[in-house]
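Read through the structure below, which is laid out as structure tokens, and then see the notes.
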Amino acid sequence: MSIPSWLKVNINLEEMHWLHKLFNNCGVSTICWNADCPNISECYSKKTATFLLMGDVCTRNCGFCSVKKGKPSNLDYGEAESVKKAVHNLNLNYIVLTTVTRDDLPDGGAAYIYYVINKLKTSGYQLIEILMPDFKSDRNSIDLVIAAEPVVIGHNLETVEALYPVVRPIAGYKRSLNILEYIKKKKPSILTKSSLILGLGESERDVKKTIKDLVS
């Protein structure tokens, strides 16, 4: 069966190589590279990427993700400077950060996220978006991320409720919804966002229900 034209991805290896080399020289990781994102060529060619914090090894084993799983290394507090260097080289005015999940840390890495965002802000970068893990619903950890006052806090549902046992077995659909609700009530001025991956076996009815749940 031939692949439809709208599903084909054109890879620009030259553009990818330039940006990948820059990130390596700066000592930063991106979720684009570590998660084998199929859109990496399109984004890298536009000098767009999402920085990956707290290492490149995740303590969760989600079915949709290609990030390495296992025992992560210690936190690198020089990472904020590395991100600053990459941001400066790319002349960015809007920074998007995400993290691996660090269930091995007592606070899930929340204090570290606060540290990195604060470092970037004190360097003049005010437009920062963070895509955060669920911190096992720990309110103190979530409060730390809120206290850093990024302009956007993202927390992804990733899939519909019926597929959670397969796609996100350690996470919880209602847990993630409650986290988004908590952030919005705690700090209404911070934009919240979430995302879904389609094509994992969900029905149209499942998707509509999920959107309604997010709205409510």
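Data table
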read-out: Only listed residue being among the polar types (S, T, N, Q), open to solvent by 60 Å² or more (accessible area, probe 1.4 Å), closer than 30 Å to residue 81 by Cβ and assigned to a helix (DSSP H, G or I), chosen from 140, 178; value: 140
read-out: In region 102-130, the residues that are in contact with a helix residue (DSSP H, G or I) (Cβ under 9 Å, 6 or more places away or on another chain), open to solvent by 40 Å² or more (accessible area, probe 1.4 Å) and within 17 Å of residue 50 (Cβ to Cβ); value: 125
read-out: Subset of region 77-91 [farther than 10 Å from residue 28 by Cα and either touching a Ser or Thr at 6+ places or on another chain (Cβ under 8 Å) or buried (at least 17 other Cβ atoms within 10 Å of the Cβ) (or both)]; value: 87
read-out: Top-ranked residue of region 198-216 - restricted to ones that are in a loop (DSSP other than H, G, I, E, B) and open to solvent by 60 Å² or more (accessible area, probe 1.4 Å), ranked as nearest to residue 174 (Cα to Cα); value: 216
read-out: Index of the failed condition, residue 86 passing every other in (1) of a type in the set (Gly, Ala, Ser); (2) out of contact with any Leu (no Cβ under 9 Å at 6 or more places or on another chain); (3) closer than 25 Å to residue 43 by Cα; value: (2)
read-out: Residue match in region 82-91 (condition: in contact (Cβ under 8 Å) with a residue 60 or more places away in the chain and either among the basic types (Lys, Arg) or within 30 Å of residue 166 (Cβ to Cβ) (or both)); value: no
read-out: All positions within region 152-174 that are crowded, with 16+ Cβ neighbours inside 10 Å and either in a loop (DSSP other than H, G, I, E, B) or basic (Lys, Arg) (or both); value: 155, 156, 157, 159, 160, 168, 171, 172
read-out: Within region 1-52, helices (runs of 4 or more DSSP H) holding 3 or more residues that are in contact with a helix residue (DSSP H, G or I) (Cβ under 7 Å, 6 or more places away or on another chain) and among the aliphatic types (A, V, I, L, M); value: 13-26
read-out: Of residues in region 45-75 being among the hydroxyl-bearing types (Ser, Thr, Tyr) and either modelled with pLDDT of 95 or more or farther than 24 Å from residue 117 by Cβ (or both), the one most open to solvent (accessible area, probe 1.4 Å); value: 66
read-out: Residue among 216, 195, 203 that is under 20 Å from residue 98 (Cα atoms) and out of contact with any helix residue (DSSP H, G or I) (no Cβ under 8 Å at 6 or more places or on another chain); value: 195
read-out: Lone unmet requirement of (1) of a type outside the set (D, E, K, R); (2) open to solvent by 10 Å² or more (accessible area, probe 1.4 Å); (3) modelled with pLDDT of 95 or more for residue 95; value: (2)
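The values are calculated or read from the model by the stated rules, or taken from the named source; none is laboratory data. Treat the numbers as computed from the prediction; the structure is a model and nothing was measured. Cβ coordinates were reconstructed from backbone atoms using ideal geometry, including for glycine residues, and neighbour counts include every protein chain displayed. Each accessible area value is taken on the protein alone, full model and side chains, heavy atoms only, with ligands, DNA and RNA left out. Shrake-Rupley method; radii C 1.70, N 1.55, O 1.52, S 1.80 Å.
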